[in-house]
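Visitor: Here's a structure for you.
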Amino acid sequence: MPNYYPMMVDLTGRRCLVVGGGRVAERKVALLIECGASVEVVSPATTPKLATLASTGAIRLVRRAVRSDDLPGAFLVFVATDDPEINRAVAAKAREAGGLVNVADAPESCGFLVPSVVRRGDLTISISTGGGSPALAKRIRQKLDEAIGPEYEAFLKALRELRTQAQKAIPDPAERQAIFRRAMDSELFDHAARGDRAAVKACIANLLAGC
């Protein structure tokens, strides 16, 4: 298997094509919508949920089999029909068209993999086994889901506030990095987790002042 390059991609407004209209395609579409992509689904039949998304304008739905001229211009292509032969053929054509392609349950045909994900606001934790064991990725995600609670979303917001203020007030990058490191061992996490805004602001002020 390739040694995949891990990265976070901004899909806002990007055309992403999903070939297939079943439950797997539905899951792909849901995540793409969440990430702000411009989603197009090509499939003769779809789940009721995908039909509803199309009727509300959340996605563009083309009710027919995929054609070669659907593929150019797609930033990402997700192939999720229930026919492995169709999936492989569409994947090959997508690669010829220059697109990055993901094929459900066929990592050997993929140009990129979709990891298992834990989200807490802007905090995103991705788990991948390189296609070797999606079940293991799911198990690890479940463990992280239990260990990383909503308090981390609040903590990240506080850290973002600290970073913004530090960038304005402290010109020396090394000094800013030292402050960010001290924040990890400060009481900022506990204050943020409790939702104590006054304590968060005071802690940030103390960190910036070097207390």
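The values are calculated or read from the model by the stated rules, or taken from the named source; none is laboratory data. Please read these numbers as outputs of a predicted model, since none were measured by experiment. Virtual Cβ from ideal backbone geometry, glycine too; neighbours counted across all protein chains shown.
Visitor: Would you check which residues across segment 34-75 are in contact with a strand residue (DSSP E or B) (Cβ under 8 Å, 6 or more places away or on another chain) and of a type in the set (Ser, Thr, Tyr) and list them?
Guide: Across segment 34-75, the qualifying residues are Ser38, Ser43, Thr46.
Visitor: When the residues of segment 3-21 are filtered to those that are of a type in the set (Val, Ile, Thr) and at pLDDT 95 or above, which remaining residue is surrounded by the fewest Cβ atoms within 10 Å (Cβ to Cβ)?
Guide: Thr12
Visitor: Does Gly121 satisfy the criteria of being out of contact with any Asp or Glu (no Cβ under 6 Å at 6 or more places or on another chain) and not aliphatic (A, V, I, L, M)?
Guide: Against the criterion (out of contact with any Asp or Glu (no Cβ under 6 Å at 6 or more places or on another chain) and not aliphatic (A, V, I, L, M)), Gly121 does not qualify.
Visitor: Conditions: (1) buried (at least 20 other Cβ atoms within 10 Å of the Cβ); (2) closer than 22 Å to Val118 by Cα. Val24 meets all but one. Number of the miss?
Guide: (1)
Visitor: Another question, then. Output the number of the condition that Cys110 fails; it satisfies all remaining conditions of (1) at pLDDT below 90; (2) in contact with a Phe, Trp or Tyr (Cβ under 7 Å, 6 or more places away or on another chain).
Guide: (2)
Matching residues to (1) under 26 Å from the mean Cα position of the chain (by Cα); (2) of a type outside the set (Val, Ile, Thr); (3) surrounded by 15 or more Cβ atoms within 10 Å (Cβ to Cβ):
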site: Leu156; (1), (2), (3): yes, yes, yes
site: Arg160; (1), (2), (3): yes, yes, no
site: Gln165; (1), (2), (3): no, yes, yes
site: Ala183; (1), (2), (3): no, yes, yes
site: Asp190; (1), (2), (3): no, yes, no
site: Val200; (1), (2), (3): no, no, yes
site: Cys203; (1), (2), (3): no, yes, yes
site: Asn206; (1), (2), (3): no, yes, no
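Visitor: Here's a follow-up. Is there a residue being at pLDDT 95 or above and buried (at least 22 other Cβ atoms within 10 Å of the Cβ) anywhere in segment 51-73?
Guide: Yes: segment 51-73 contains one or more residues that are at pLDDT 95 or above and buried (at least 22 other Cβ atoms within 10 Å of the Cβ).
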